[in-house]
Every structure is written in C-alpha cells, then in structure tokens.
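Contents: one structure, followed by commentary.
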Amino acid sequence: MHSHETFGDVIAAQIRRHRARLGMNRHQLAEQCARLGRPDITYAVIVSIETGRSSGDGKQRRRLDVDDWFVLALALATPPLLLLLPLGSEATVPTVPAADPRDPYTVWQWMTGEATPTLDGPIDGRYVPDSQQIAGTGQTWAAAWATAAYPVSLYPELARRRETAHKARLRASLDPSAQTEYVDRLDELAQLVNDMTRANLTVPPLPAELIDAMNRLELLDNPTEPTRGDE
C-alpha cells in the first residue's frame with residue numbers, strides 16, 4: 001500500500017533507510033554533509049527532515065530543496081534519484097496532487113525523459129499522456145514534452161558512437177582492410193554530431209583524432225564543433 005503523501009515523505013524514509021544501510025547515525029550524516037560544503041545541514045535539520053518534527057508544535061518537516069537532496073544523497077553514497085524514486089523498496093511513489101501514485105520505475109522514466117508522463121486516467125484500465133494543447137503554441141502537452149526530451153536519447157548514443165569509432169580507429173591502425181569500417185563509424189558519429197549542432201545542443205569534447213578524421217572526410221557541418229578532448 002502506498003504510504004507516502006509527498007516526495008518529501010519518500011526522501012525522509014529513504015534517508016533513514018540508507019543511514020541504516022551504512023550504519024550511520026545522524027551526527028555522522030551531518031558531518032558528511034559538512035564535508036561536502038553544507039555545514040547548515042545539521043543534526044537538528046536531519047531530525048526535522050526524517051521525522052517531520054519542528055521546534056515543538058506538531059509535525060512540520062523542514063522543506064528540502066534540490067541542493068539539500070543532492071548533498072544528502074551523495075553523503076549517503078546513494079544515486080540521488082534513488083532517494084526520490086526507491087526502486088525495489090516501494091510499490092508506489094507520489095506524482096502530482098491531481099494524479100494517482102505510480103510505480104517508481106515508471107516515474108523514473110519520466111524523470112530521465114525516457115518516457116512521456118501518463119498522468120490522465122486510468123481510462124479503460126490505462127494511463128495516457130495529457131492531450132491538452134498548450135496555450136499560445138498549439139502544441140499538445142505530449143508533443144512539447146517530446147521536444148524538450150529530445151537530447152535525452154542523443155547523449156548516450158553519442159557516447160556509444162564515440163566508443164565504436166575509437167575502437168574502429170584502433171583496428172584500422174593495425175589492419176588497413178578495416179579502414180572502410182572506420183570511415184563508416186566516423187560517418188555515423190558525424191551524423192549525430194550534426195544533428196546535435198543543428199538542434200543547438202552542446203556537443204561534448206571528442207578525441208582530436210576523431211575530429212580531425214571527420215574534418216578530413218568533410219563529414220561535419222561545422223568543422224569547429226565539437227571541441228577537442230582526451231582520447
């Protein structure tokens with residue numbers, strides 16, 4: 001049964017859980033936060049976050065901001081999203097007040113942009129994306145989400161193509177017959193770099209050898225993108 005009303009409740013429970021996992025008391029957690037540059041996350045603050053107790057009049061949890069959440073997660077040696085979306089330890093987590101709680105992995109995919117939120121429903125047993133139009137744009141909410149989430153798929157793919165091209169370069173340096181494969185991998189990498197450049201996205205640095213090779217083959221729309229980085 002879902003027992004958390006807010007994400008603040010989820011994070012509080014997960015801070016307690018991960019402290020127990022590490023055998024860490026609240027004083028020790030406060031020391032770790034101070035080491036990370038947040039001496040203001042004190043023992044008393046952690047008590048308030050975990051228990052909801054304020055200075056005396058009932059329950060009033062100290063509100064966590066994003067900076068608090070990030071520091072607490074690192075102090076607990078825990079990926080930050082797992083404090084918010086505890087995969088494997090909770091059946092459901094909150095979403096927004098107007099929608100139902102959902103399983104953590106579904107919301108995880110929303111958080112990372114891998115999937116479009118399905119807040120409407122259930123309709124015939126299924127949740128669906130918001131179909132309303134955004135005022136002034138004519139776009140549906142789901143279409144606007146897809147536009148904003150576009151970079152999410154590009155950066156992991158860039159890392160994959162960079163590694164593939166790097167390995168192909170090494171093979172070609174040892175075996176001239178592998179040169180064609182190397183050019184093919186460069187072409188795939190350049191296509192993605194060009195897509196990112198056209199979308200005005202920052203292209204992470206790539207190895208100088210790969211950039212020089214793509215420029216020699218005139219594969220890049222903008223020869224000054226991306227910047228040169230380490231191998």
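Evaluating Asp221 against the criteria (1) of a type in the set (D, E, K, R); (2) touching a residue at least 24 places away in the same chain (Cβ under 8 Å); (3) part of a helix (DSSP H, G or I); (4) more than 26 Å from Gly113 (Cα to Cα) leaves one unmet condition, (3). When Val93, Val128 are checked against the criterion of being within 12 Å of Phe7 (Cα to Cα) and of a type in the set (Val, Ile, Thr), Val93 stands alone in meeting it.
Residues that are under 30 Å from Trp141 (Cβ atoms) and in contact with a Leu (Cβ under 6 Å, 6 or more places away or on another chain): does the range 62-69 have at least one? No: zero hits.
Determine whether Val10 is among the β-branched types (Val, Ile, Thr), within 21 Å of Thr112 (Cα to Cα), modelled with pLDDT under 95 and in contact with a helix residue (DSSP H, G or I) (Cβ under 8 Å, 6 or more places away or on another chain). The answer is yes for Val10. For the criterion of being at pLDDT 95 or above, open to solvent by 20 Å² or more (accessible area, probe 1.4 Å) and assigned to a loop (DSSP other than H, G, I, E, B), Arg16 fails. Out of Ala149, Ala159, one residue alone is of a type in the set (A, V, I, L, M, F, W, C) and either surrounded by 15 or more Cβ atoms within 10 Å (Cβ to Cβ) or at pLDDT below 95 (or both). It is Ala149.
Checked against (1) more than 21 Å from Thr112 (Cα to Cα); (2) of a type outside the set (Phe, Trp, Tyr); (3) open to solvent by 50 Å² or more (accessible area, probe 1.4 Å); (4) at pLDDT 95 or above, Ile211 meets all criteria but (3).
Scanning the range 111-137 for residues that are surrounded by 12 or more Cβ atoms within 10 Å (Cβ to Cβ) and over 25 Å from Leu81 (Cβ atoms) turns up Gln133, Ile134. So which residues in the range 88-110 are of a type in the set (A, V, I, L, M, F, W, C) and surrounded by 14 or more Cβ atoms within 10 Å (Cβ to Cβ), if there are any at all? Across the range 88-110, the qualifying residues are Val93, Ala99, Val107, Trp108, Trp110. Of all residues in the range 188-204, those satisfying the criterion of being open to solvent by 60 Å² or more (accessible area, probe 1.4 Å) and modelled with pLDDT of 95 or more are Glu188, Gln191.
Selection over the range 22-57 of residues that are among the charged types (D, E, K, R), at pLDDT below 95 and open to solvent by less than 50 Å² (accessible area, probe 1.4 Å) gives a count of 1.
In this structure, is Leu186 farther than 30 Å from Val107 by Cα and part of a helix (DSSP H, G or I)?
Details: farther than 30 Å from Val107 by Cα: yes; part of a helix (DSSP H, G or I): yes.
Yes.
Would you confirm, using the coordinates I've provided, whether Ala159 is assigned to a helix (DSSP H, G or I), within 16 Å of Pro207 (Cα to Cα) and under 20 Å from the mean Cα position of the chain (by Cα)? Judged against the criteria, Ala159 is a match.
The values are calculated or read from the model by the stated rules, or taken from the named source; none is laboratory data. Keep in mind it's a predicted model, so treat the numbers as computed, not measured. Here the Cβ is made from the backbone with ideal geometry for all residues, glycine too, and neighbour counts use every protein chain on show. Heavy atoms of the whole protein, side chains included, go into the accessibility calculation; ligands, DNA and RNA do not. Shrake-Rupley method; radii C 1.70, N 1.55, O 1.52, S 1.80 Å.
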